[in-house]
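Below is one structure, written out as structure tokens; comments come after it.
What follows is calculated from the coordinates using simple rules that are stated; it is not laboratory data. Predicted model, so just to flag it, every value in this text is computed and none were measured. Note: ideal-geometry Cβ built from the backbone for every residue, glycine included; neighbour counts use all protein chains shown.
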Amino acid sequence: MTTAAIILAAGRGTRAGGEIAKQWQPIAGRRVIDWTLDAFRNAPDIDSIVVVLPPGEVDRVETSGQILTTAGGDSRAASVKAGLEMLTDAQTVLIHDVARPCVSQSVIADVIRALGHSPGAAPALPVSDALWRGDGGAVTGIVPRDGLWRAQTPQGFDVKAIRAAHNAHPDDAADDVQVARAAGLEVAIVPGDEDNIKITTRADFARAERILRRHMSRDQSPDFDVRTGNGYDVHRFAPGDHVILCGVKIPHTHALKGHSDADVGMHAITDALYGALAEGDIGRHFPPSDARWKGAASDIFLAHAVETVRARGYRIANIDCTLICEQPKIGPHADAMQTELAQITGIDATRISVKATTSEKLGFTGREEGIAATATATVIRP
């Protein structure tokens with residue numbers, strides 16, 4: 001299931017005060033929008049992010065392979081539609097208010113998980129306080145709180161279903177659950193988080209900053225696990241007319257010899273991920289004695305390592321790969337390699353480095369007998 005996120009940041013947020021819109025205001029050393037973006041950029045199951053911004057301000061967020069920007073409309077519903085128009089491949093989407101920068105990874109994951117059995121899902125908290133009606137400063141009635149919930153975002157939906165719901169909805173709406181319910185869509189409730197506050201007034205900035213700083217302090221505690229693994233691989237040259245390095249086919253005077261497709265770069269990266277988890281190497285998971293893997297594409301191995309990282313509750317923070325060879329020249333192909341690795345690992349290409357060096361004509365790589373590769377990968381468990 002391919003999942004995108006739409007971050008709604010096209011509003012002006014006048015109630016929050018300040019000379020600029022609240023998404024651009026600083027909090028805990030960064031802009032509000034930066035905190036919100038990082039929450040979704042770090043979510044392992046979010047494949048792409050569309051940021052909906054005020055017209056004329058779309059260049060205030062840096063785009064990348066994972067992040068796209070577009071201009072919003074004159075209402076919340078119009079901005080959601082603008083974001084939905086940017087989605088081409090996603091099957092599900094999470095729609096989130098930029099003014100909720102404290103959203104947790106568990107809330108994001110719970111919404112995505114609920115979409116596996118419902119066309120809509122949203123986090124909420126049950127109302128626990130007594131509710132009154134009032135007029136002129138006096139209580140005029142009591143509202144039963146049974147069955148009442150405080151809505152939060154991100155609100156997740158099947159893309160086709162929520163797109164059709166918005167196209168059929170003539171007016172603006174308080175949120176996307178209202179639009180979905182008007183179209184008859186079922187929306188599952190998942191547990192919300194008291195820290196997932198929405199910055200609305202000036203006082204909310206101080207509260208959100210306290211939450212974010214507490215999260216930062218927690219992330220630096222022993223429960224916050226950061227692991228780094230290294231990988232190294234070598235393949236000798238054999239007769240052929242191309243090599244495959246980091247998933248990219250490069251014309252060359254020789255091929256690389258190996259049990260699989262001999263992608264020395266991807267093998268080193270795969271071993272680095274396994275190493276970070278103390279899961280051995282490719283040979284443990286895909287024994288060369290098994291004929292099933294003869295000539296296999298190395299993206300099979302890397303995809304398995306990535307899934308192992310996710311299954312253990314970690315996310316990939318970055319990957320750094322160095323190819324060691326005299327020929328072929330790697331520079332012209334490095335960007336394509338980063339793009340290919342980003343697609344397989346599900347992380348942004350800006351978190352992947354592919355570079356090359358020679359061995360100054362020394363050793364087997366210097367004699368152009370083969371290619372070596374080293375890789376380092378860092379994984380984090382929030």
Exercise for the section: For a footprinting-style exposure proxy, rank Asp193, Asp335 by other Cβ within 10 Å, fewest first. Expected result: Asp335, Asp193
Exercise for the section: Can you put His304, His96 in order of Cβ neighbours within 10 angstrom, beginning with the fewest? Expected result: His304, His96
Problem - Where Rh is the Kirkwood radius over Cα pairs, Rg/Rh for the range 339-382 - result: 1.13
Practice task
Give me the angle, in degrees from 0 to 90, between the Cα long axis of helix 334-345 and the longest principal axis of the Cα atoms of the chain, rounded to the nearest 10.
Solution key: 60
Fill in the blank from the handout: Per GNM of the chain with C-alpha springs under 10 angstrom, the most fluctuating residue out of Asp271, Asp176, Asp146 is Asp146
Practice task
For Lys329, go through the lysines and keep the ones whose alpha-carbon is under 24 Å away, minus same-chain ones fewer than eight residues off.
Solution key: Lys249, Lys257, Lys355, Lys361
Exercise for the section: Classify the range 114-173 as rounded, prolate or oblate, taking a ≥ b ≥ c as the square roots of the eigenvalues of its Cα gyration tensor: rounded when a/c is under 1.5, otherwise prolate if a/b is larger than b/c and oblate if not. Expected result: oblate
Handout entry: Kirkwood hydrodynamic radius of the range 3-219, from inverse mean 1/r over distinct Cα pairs, in Å
Key = 17.9
Exercise for the section: Report Rg (one decimal) and Dmax (nearest whole number) for the range 275-382, counting Cα atoms only, units Å. Expected result: 15.3, 45
Completion exercise
For the range 148-275, shape from the Cα gyration tensor axes a ≥ b ≥ c, cut at a/c of 1.5 then a/b versus b/c, turns out oblate
Practice task
Using a Gaussian network model of the chain whose springs link C-alpha atoms within less than 10 Å, name the residue from Thr92, Thr69, Thr358 with the highest mean-square fluctuation.
Solution key: Thr358
Practice task
Take the alpha carbon atoms of the range 193-342, find their radius of gyration, then divide it by 2.2 N^0.38 Å using N residues; give the quotient.
Solution key: 1.41
Exercise for the section: Order the peptides 129-142, 158-171, 36-49 from the highest to the lowest mean number of other Cβ atoms within 10 Å of their residues. Expected result: 36-49, 158-171, 129-142
Exercise for the section: Could you compute the FRET efficiency for Trp149 and Gln105, with r as their C-beta to C-beta distance and R0 at 25 Å, rounded to 0.05? Expected result: 0.70
Exercise for the section: Using only Cα atoms, tell me the angle between helix 264-276 and the longest principal axis of the chain; keep it within 0 to 90° and round to the nearest 10. Expected result: 50
Handout entry: Rounded to 10°, Cα long-axis angle of helix 202-219 versus longest principal axis of the chain
Key = 30
Practice task
Run a plain Debye calculation on the range 86-194 (Cα atoms as equal point scatterers, no solvent) and give log10 I(q)/I(0) at q = 0.15, 0.17, 0.20 Å⁻¹, rounded to two decimals, same order as the q list.
Solution key: -0.70, -0.85, -1.06
Handout entry: Under Karplus coefficients 6.51, -1.76 and 1.60, residue-wise ³J(HN,Hα) of the range 88-95 in Hz, glycine/proline x
Key = 10, 10, 5, 8, 10, 9, 10, 10
Completion exercise
Going fewest to most other Cβ atoms within 10 Å around each Cβ, Met86, Met216, Met337, Met266 line up as Met216, Met86, Met337, Met266
Exercise for the section: Mind checking which lysines have their Cα closer than 16 Å to the Cα of Lys22? Skip sequence neighbours fewer than 8 apart in that chain. Expected result: Lys198
Fill in the blank from the handout: Given all pairs of distinct Cα atoms, the chain yields a Kirkwood Rh in Å of 23.2
Practice task
Output ³J(HN,Hα) for the range 310-315: one whole-Hz value per residue in order, computed from phi by the Karplus curve 6.51 cos²θ - 1.76 cosθ + 1.60 with θ = phi - 60°, and x for Gly and Pro.
Solution key: 5, 5, 7, x, 9, 10
Problem - At R0 = 51 Å, FRET efficiency that the Cβ-Cβ distance of Asp225 and Asn167 yields, to 0.05 - result: 0.70
